[in-house]
């Protein structure tokens, strides 16, 4: 299995560490499935902290994570946001986390949701493939009326570049696939 396939099959999860134990020179932590409610995640954090040998073990941090399609998490991200992005990944796949990252991270989850629901056009091997399909869907009758020597020389790569540079669409690449979004949502 290559890295692209692995990233798409790993469920979002976070490694939570007890800061009291960390500061005392001990490692105490737990991998937690992030695709559950924030309350369930907090309950698992509380269970982990209860295992501490430290008298006061209340603080924790995210020390590692996986399955977020390149979206960077920080040590002190809010569990509500982590659970929300993991729910988006569970519903839409890794493209949701990559989309949140495209907009700037966990602070932009509503924007990512909006574009996922209203602007997602799908996944293609290349942007030119998307543009060709889009053009054929919208202008199929016109294209059929063109002579072959014109129709077979349409520059779909050039049209794709113009659409992207003009803000009509934007893309997110995951593995070898291009995910296309309407730029005007």
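The values are calculated or read from the model by the stated rules, or taken from the named source; none is laboratory data. Everything quoted here is computed from the prediction, not taken from an experiment. Using ideal geometry, Cβ is built from the backbone for each residue, glycine included, and neighbour counts are taken over all protein chains shown.
Some points to look at:
For (1) more than 18 Å from the chain's Cα centre (by Cα); (2) free of Cβ contacts under 8 Å to residues at least 12 places away in the same chain; (3) not in a strand (DSSP E or B), each residue gets a yes or a no:
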residue	(1), (2), (3)
15	yes, no, no
45	yes, no, yes
65	no, no, no
68	no, no, yes
73	no, no, yes
76	yes, no, yes
80	no, no, yes
86	no, no, yes
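- Filter pass, residue 176 being within 26 Å of residue 91 (Cα to Cα), outside the structural domain of residue 84 (by TED's automatic domain parsing) and loosely packed, with under 13 Cβ neighbours inside 10 Å: yes
- The helices (runs of 4 or more DSSP H) found entirely in the range 96-185 that carry 2 or more residues being at pLDDT 95 or above are 109-118, 127-144, 156-165.
- Qualifying residue in the range 9-16 (condition: closer than 30 Å to residue 185 by Cα, modelled with pLDDT under 95, in contact with a strand residue (DSSP E or B) (Cβ under 8 Å, 6 or more places away or on another chain) and not assigned by TED's automatic domain parsing to the domain that holds residue 171): yes
- Members of the range 26-42 found to be surrounded by fewer than 13 Cβ atoms within 10 Å (Cβ to Cβ) and part of a helix (DSSP H, G or I), listed by number: 39
- Any hit, the range 74-92, residues being touching a strand residue (DSSP E or B) at 6+ places or on another chain (Cβ under 9 Å), surrounded by 14 or more Cβ atoms within 10 Å (Cβ to Cβ) and within 30 Å of residue 160 (Cα to Cα): yes
- Residue match in the range 107-116 (condition: surrounded by 13 or more Cβ atoms within 10 Å (Cβ to Cβ), closer than 29 Å to residue 19 by Cα and within 13 Å of the chain's Cα centre (by Cα)): yes
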